[in-house]
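Notes follow the structure.
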Amino acid sequence: MSAIDIHGVAHRFGDLQALAGVDLSIAQGEFFSLLGPSGCGKTTLLNIIAGFLAPSAGTVVVGGRDVTSLPPHRRDIGMVFQSYALFPHLNVFDNVAYGLRVRKAKGDDVRARVAEMLELVRLSELAQRMPHQLSGGQQQRVAIARALAIRPQVLLLDEPLSNLDAKLRKEMQTELRRLLGNVGVTTVMVTHDQEEALGLSDRIGILGAGRLQQVGTPLELYRRPVNRFVGEFVGHANLIQARANGVGTFEATAHFSRPGVPLQLASSHAAGGDALFLLRPERIRLSAPSNDAQQADAANSVAGVVRDASYTGAELHVTVTLPGGGELVVEAPEADFAAVPQAGAPVQLAWNADDLAVLPAESKGA
């Protein structure tokens, strides 16, 4: 049985269609993320699952029970808000105990459960601290402990790491995986941070214009997006329009190819006709120009000139201008280069056929 089943959920804010017929099933114990640009409907969907919004249409089923018309406190759901929403007048212990006391748990049970949760989040020694005496990461762990203390069927996370600085956010991603892995609770997270979603999730749902564009594992979404919207939203993408040449390969069209020398795209994923290819920057190999004419003209290889390059410490980001006027962006390991390529330097680009993901030629998605 699924932990959450969403059937035909739609919602309008006046004339704005925020969600349009969303269908989704989330498995027991799964860490599922809702990812998409601002205004795509992900927070609206999370609030409908939580019970803070009633859908204009559709149903929400949690643990086999239709909760569409139930208020939040009767849905057996825990929630961690973006702001953490700790009670400023209560210490750590009492914040974590709050939900248990509302549910009339006995004193001994409350103390035992709070102690268990504080040990889980590694804050046992801070039980008497007030929220203002805690760091951002500590406040976030208190909020998670409070949500988990009531033993919910489902845990909802609304941008849980967005208030943390970059270094602490990385550390808390690891901590969050540990915490929720130990508990095994079904978790739904809303985030705009792609790296966060890819690193934490078992599966991800990409929302665009109020619709689920694609649901899949991080690897599936990244390597095999179903449309242009997903391909461009998840990670960085080079897009290449191409047409079948009748001999089992493709030729790039428009300004991508070298004048007079069509670039063949020997993709093993395309069956024929026009196609839109997606090529990830890190799959492109960048080298000095080849003196071997056969190699220089090989399929999935093109010469170009460096337009600009930046060094990030782990990678080089290089934009290469092609003779036909197009560009490809390359992300290469820093160790592959003795020095950062200079603007105007000639280079050779190459990639494997299996590095090309094919999309419908007119694929736009949302």
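Here are some notes:
- Spin-label model, GLU171 to PHE13: label points 7 Å out along the Cα-to-beta-carbon direction sit 3.5 nm apart.
- Accessible surface, per residue, of the chain when the full set of protein chains is kept, probe 1.4 Å, Å²: 46
- Relative contact order of the chain, taken over Cα pairs closer than 8 Å and 6 or more residues apart, is 16 percent.
- List PHE229, PHE277, ordered by accessible area with a 1.4 Å probe, largest first: PHE229, PHE277
- Between GLN128 and THR217, full extension at 0.36 nm per residue minus the direct alpha carbon distance yields a gain of 27.9 nm.
- Calculated SAXS-style log₁₀ I(q)/I(0) at q = 0.07, 0.08, 0.10, 0.15 Å⁻¹ - the chain, Debye, Cα scatterers: -0.42, -0.53, -0.75, -1.20
- Residue by residue, the range 341-353 carries 3J(HN,Hα) couplings of x, 8, 4, x, 6, x, 9, 10, 10, 8, 7, 8, 4 Hz when phi is fed to the Karplus relation 6.51 cos²θ - 1.76 cosθ + 1.60 (θ = phi - 60°); x denotes Gly or Pro.
- Rg then Dmax, both in Å and based on the Cα atoms of the range 71-152: 11.7, 35.
- Theoretical gain in end-to-end length, HIS317 to ASN352 [0.36 nm per residue, Cα-Cα removed]: 10.6 nm
- Accessible area, probe 1.4 Å, largest first, for residues LEU164, LEU198: LEU198, LEU164
- With helices as the sole contributors, the chain gives -7000 deg cm²/dmol at 222 nm; each DSSP H run of n ≥ 4 counts as -39500 (n - 2.57), and the sum is divided by every residue.
- At an R0 of 30 angstrom, the distance between the Cβ atoms of SER162 and ARG111 translates into a FRET efficiency of 0.40.
- Among beta bridges that DSSP assigns inside the chain, antiparallel share in %, nearest 5: 75
- Unit charges at the beta carbon, dipole of the range 1-67: most positive-side option, GLY63, GLY29, LEU45: LEU45
- Local electrostatic count, GLU315, Cβ distance below 9 Å [Lys/Arg +1, Asp/Glu -1]: -3
- Rounded to the nearest 0.05, the FRET efficiency derived from the C-beta distance between VAL183 and SER69 at R0 = 30 Å is 0.60.
- Applying 1/(1 + (r/R0)^6) with R0 = 25 Å to the Cβ-Cβ distance of PHE52 and GLU119 gives a FRET efficiency near 0.25.
- Carbon plus sulfur fraction of accessible area for the range 15-154, probe 1.4 Å, in percent: 51
- Solvent-accessible area of THR312, all protein chains in place: 90 Å² (probe radius 1.4 Å, heavy atoms, ligands and nucleic acids excluded).
The values are calculated or read from the model by the stated rules, or taken from the named source; none is laboratory data. Only a predicted model underlies this, so the values are computations on that prediction, with no experimental measurement involved. Glycine also receives a Cβ, built like all others from the backbone with ideal geometry; neighbour counts cover every protein chain displayed. Side chains are part of the model used for accessible areas, which takes the heavy atoms of the whole protein and leaves out ligands, DNA and RNA. Shrake-Rupley method; radii C 1.70, N 1.55, O 1.52, S 1.80 Å.
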